[in-house]
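Some notes on the structure that comes next.
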Amino acid sequence: MSNSLEGKIAVVTGGSTGIGLGIAKRFVSEGATVVITGRRQAELDAAVAEIGPKASAFRADVAVLADLDALYAEVERTHGRIDVVVANAGGGSLAKLGEITEEHFDSTFAINVKGVLFTVQKALPLMRNGGSVIVTGSTTSIMGTEAFSVYSGTKAAIRNFVRSWILDLKGRNIRVNVLSPGPIDTPALRGVAEQAEGLIDYLTSQVPLGRIGDADETGKVAVFLASDASSFVNGAELFVDGGMAQV
Ligand SMILES: NC(=O)c1ccc[n+]([C@@H]2O[C@H](COP(=O)([O-])OP(=O)(O)OC[C@H]3O[C@@H](n4cnc5c(N)ncnc54)[C@H](OP(=O)(O)O)[C@@H]3O)[C@@H](O)[C@H]2O)c1
């Protein structure tokens, strides 16, 4: 435990499980107060119990703009401001070209693209000079992955959002960066693996470090991007992938 985020107020969407939970836990261990979101109340309650008293939960679907308005109204009422936003909620499932449905496309883009855009845009009025925005991307933003084009397209889209947003935010002194995980052991990865036998072994073989990652390893990098340690890092995509997308 140290204090690189002492006194900071952070919002982590999709903070109830997986990577978001790993980030929220690390933020609190570094001194931050964290508001996590997600759609399932039971998972939110369990996460708050796990993270401790410096965490609270607000049930909100990032694809529903009224939910985001309610979230930020509550954050303003309870904390008055935001220092760090992690637009992390997201996910995807497998569908090959030829099998992609309109529903698959719309639901994936609604959460991963529209949700990220409005999570960030609606936070801005509450964000202070010196704030940090972190968007959870993916190695798929720059790689081709069989049966994963729709998901991969969402991650490529938000990667460019960040390049453009740092220009829109000129003068605000708010940094925006992408944290792009490779395969990380989370409920989502295990869910996709149920659709594709042998996926975890295959992914492990593609990672130069020879293993999949842990959510805490993304949490440690998020602390760096949230804190003053990264004060001149802006618009970057930082891969937390054991080298997978670099070879
Ligand atoms: N795991 C990996 O290998 C990996 C690799 C690259 C990138 N990523 C990215 O990392 C992020 C987190 O993934 P994960 O693996 O940690 O998944 P996860 O364990 O399934 O966690 C996803 C979190 O997001 C929440 N969520 C999902 N849809 C939401 C919505 N519409 N509104 C609000 N919250 C929502 C979930 O809670 P509810 O379901 O209750 O809403 C949960 O808290 C995603 O953006 C994913 O694309 C993951």
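Where a number appears in this text, it was derived from the coordinates with a stated rule and is not lab data. Keep in mind it's a predicted model, so treat the numbers as computed, not measured. So basically every Cβ, Gly included, is an ideal-geometry build from the backbone, and we count neighbours across all protein chains shown.
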In debye to the nearest 20, how big a dipole does the chain give about its Cα centre with +1 on each Lys and Arg Cβ and -1 on each Asp and Glu Cβ?
840
Rounded to the nearest 20 debye, dipole of the range 163-247 from Cβ charges on Lys, Arg, Asp, Glu
500
What number comes out for the charge environment of PRO183, summing +1 per Lys or Arg and -1 per Asp or Glu over other residues with Cβ under 12 Å away?
-3
Can you tell me the length gained on complete extension of the stretch ALA70 to ASP228, counting 0.36 nm per residue apart and subtracting the Cα distance?
54.0 nm
Net charge, ARG172 excluded, C-beta distance under 14 Å - Lys, Arg +1, Asp, Glu -1:
+2
Pairwise FRET efficiency - ARG128 versus SER2, Cβ, R0 = 22 Å, nearest 0.05
0.50
Using 0.36 nm per residue of separation minus the Cα-Cα distance, give me the extension gain between ALA110 and LYS170 in nm, one decimal.
18.9 nm
Given that compact globular proteins tend to follow 2.2 N^0.38 Å, what is the ratio of the alpha-carbon Rg of the chain to that value?
0.95
Peptides ranked, highest mean first, by Cβ atoms within 10 Å: ranges 98-109, 75-86:
75-86, 98-109
Rounded to 0.05, the calculated FRET efficiency for the beta carbons of GLU146 and THR204 at R₀ = 22 Å is 0.85
Taking the square root of 5 times each eigenvalue of the Cα gyration tensor, what semi-axes in Å does the equivalent ellipsoid of the range 33-76 have, largest first?
19, 13, 5
May I ask which residue of THR136, VAL176, SER107 lies farthest towards the positive end of the charge dipole of the chain, with charges of +1 (Lys, Arg) and -1 (Asp, Glu) on Cβ and the Cα centre as origin?
VAL176
If unit charges are put on Cβ atoms (+1 for Lys and Arg, -1 for Asp and Glu) and the dipole of the range 10-100 is taken about its Cα centre, the option from ILE23, LEU94, ALA42 lying farthest towards the positive end turns out to be ILE23
Would you mind checking which residues have amide H under 5 Å from GLY14's amide H? H placed 1.01 Å from N; only 5 or more apart, or other chain.
THR37, GLY38, ALA89
With n ≥ 4 as the cut-off for DSSP H runs, can you work out [θ] at 222 nm for the chain, using -39500 (n - 2.57) per run divided by the number of residues, rounded to the nearest 500?
-13000 deg cm²/dmol
All lysines inside 17 Å of LYS25 as judged from Cα atoms, apart from same-chain residues fewer than 8 positions distant:
LYS8, LYS54, LYS220
When the chain is modelled as a GNM with alpha-carbon springs shorter than 10 Å, which of GLY153, GLY52, GLY235 fluctuates the most?
GLY52
Sort 124-137, 221-234, 192-205 for me by packing, meaning the mean count of neighbouring Cβ atoms within 10 Å per residue, highest on top.
124-137, 221-234, 192-205
Kyte-Doolittle mean at least -0.5, axial Cα span of 27 Å or more - DSSP H helices of the chain:
149-168
Mind grabbing the base-10 log of I(q)/I(0) for the range 109-213 at q = 0.10, 0.14 Å⁻¹? Debye formula, identical points on the C-alpha positions, no solvent, two decimal places.
-0.35, -0.64
